[in-house]
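Let me begin by presenting the structure, written as structure tokens, before commenting on it.
We did not get these values from a lab; they are worked out from the coordinates using the rules stated. As the structure is a prediction and not an experimental result, all values here were calculated from the model. Reconstructed Cβ throughout: ideal geometry from the backbone, glycine too, with neighbour counts over all protein chains shown.
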Amino acid sequence: MPDTTDIDPPKRPAMSRTSWLSALAIGLLIGLFIGECRNRPLREKVRRLEAESRDMQAHWTDDGETLEKKLRGARGQLSEAFRCQGILHAQRKETDKAITAFTRAIQLKPEAESYYNRGSVFQGMKEYDKAIDDFEEAIRLQPDFVQAYNNRGNAYRRKGQLDKALADLGEAIRLDPKAKQAYHNRGLVFAEQKRVKEALADFDEAIRLDPDYAAALRSRGVALAADGRFTEAIEDLTRAVQLEPENRDGHFLLEQIRKLQSAERP
């Protein structure tokens with residue numbers, strides 16, 4: 001796990017010209033990153049940065065503790081900006097850049113959300129051990145982080161550690177009984193354990209929470225087919241294809257289960 005120590009400034013720094021320029025540079029970076037993320041007009045950013053620099057000059061004689069708080073606040077803002085930038089890179093599938101941005105955010109200010117975001121990128125890259133480490137740290141920092149439990153449980157499932165997966169997904173559901181993804185993922189674990197009845201119960205709940213949950217409909221369709229209930233399976237898979245016509249898995253599963261149904265007929 002990378003070093004997550006916060007880079008606090010000295011306790012009582014002197015506000016030299018160099019320190020002021022460094023703080024202004026932080027302000028510029030914040031403006032650029034957050035401006036890109038939130039799509040703020042360039043003129044607004046420039047006016048805000050100019051106002052910040054004038055304010056810092058006006059308070060040149062602030063005591064060290066006040067300046068330390070200002071710099072800590074700036075570091076927090078910059079951490080948020082890097083996190084925002086990381087989200088943009090992740091959305092664009094620029095995984096290396098996303099990880100770099102989230103790592104920088106963590107170095108500036110270790111927060112649960114940044115660990116969670118980086119872990120999610122690692123999970124998408126199938127680097128499950130790194131993902132689990134990040135989700136673990138996110139949970140340590142925020143013990144009620146439902147999404148981190150859900151994602152860590154899914155990562156454990158991918159690694160074949162099904163008992164750990166069930167524990168995490170059960171905790172996600174305990175924390176948020178409306179966590180549809182956790183029900184779906186736990187259902188997948190039960191399905192891998194050949195516990196079809198329990199899998200179907202979780203898929204049912206996920207779909208009850210969101211009737212248009214295509215992934216859960218596909219999963220329930222497969223479980224129903226495994227239970228010999230082909231007509232119901234085809235209904236679920238047909239609905240999933242209607243919801244996500246671009247999803248190739250849905251079309252493939254529907255075709256295969258129709259073939260199985262035909263083969264079962266006398």
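Here are the numbers for this structure:
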quantity: Rounded to whole Hz, the Karplus (6.51, -1.76, 1.60) HN-Hα couplings of the range 223-233, x for glycine and proline; calculated: 5, 5, 5, 5, 8, x, 9, 5, 4, 5, 4
quantity: Out-of-range pairs (alpha-carbon distance over 24 Å; input K178/K259; K130/K159; K159/K259; K109/K159; K109/K164; K97/K180); calculated: K178/K259; K159/K259; K109/K159; K109/K164; K97/K180
quantity: Virtual spin-label span in nm between R140 and E198, 7 Å along Cα→Cβ; calculated: 3.0
quantity: Debye, to nearest 20: dipole size of the range 125-266, +1 on Lys, Arg Cβ, -1 on Asp, Glu Cβ; calculated: 420
quantity: Where labels lie 7 Å past Cα in the beta-carbon direction, separation of R258 and Q91 in nm; calculated: 3.7
quantity: Additional length obtainable on full extension of the chain from D227 to R174, 0.36 nm per residue less Cα span; calculated: 16.3 nm
quantity: Sparse-neighbour loop sites [GluC sites (Glu not before Pro); the range 186-266; at most 10 other C-beta within 10 Å; DSSP]; calculated: E246
quantity: Extended-chain gain in nm, criterion 0.36 nm per residue less alpha-carbon gap, E246 and R208; calculated: 11.3 nm
